[in-house]
Amino acid sequence: GLRNYGNTCFLNSTVQLLGVIPALVNLLTYTEVKSVFGSLYESFHRLILDLNDPNIKNVDAFPFVNNFYNELCSGVDSEGKKYWLTFEPGRQQDTAEFLMKLMDLLSSDSNIEDIFRSTLESKLTCSN
């Protein structure tokens, strides 16, 4: 399992779910990590591989968590930082928001978007 850093259970549960998706695990297992992908991708890559290693019982997610927060705030103006800093340790978090932001950040650096390509459609029907 993953170590919890106060309130990272939302993050841990999402990462553990991602870590059992065969297409993602295969991509990360058989893809050479290049430095052009960036530190978030590299730490996510390592995290998923460690989660799937039967010899590792307690996985340290701190490098990934640290890179996620750093990536979240890079190139963001002060108003944007106020919003994204709501992901700070010790605050209530939303798993869906975390997953969407993680996928956005990772898809810019890798082939991950090919695995999770989807479209969300909302339809409202009013009955008379």
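The values are calculated or read from the model by the stated rules, or taken from the named source; none is laboratory data. Note that the coordinates shown come from a computational prediction; the quantities given were computed from them, not determined experimentally. Virtual Cβ from ideal backbone geometry, glycine too; neighbours counted across all protein chains shown.
Descriptive notes on the structure:
- Only residues that are under 16 Å from L105 (Cβ atoms) and among the hydrophobic types (A, V, I, L, M, F, W, C) were counted across region 45-74, and they come to 8.
- Inter-residue pairs, beta-carbon under 7 Å, first more than 17 Å from F62 (Cβ to Cβ) and surrounded by 11 or more Cβ atoms within 10 Å (Cβ to Cβ) and in region 16-42, second polar (S, T, N, Q) and at pLDDT below 85, 6+ apart: L27/N111; F37/S110
- Qualifying residue in region 18-33 (condition: assigned to a loop (DSSP other than H, G, I, E, B) and hydroxyl-bearing (S, T, Y)): yes
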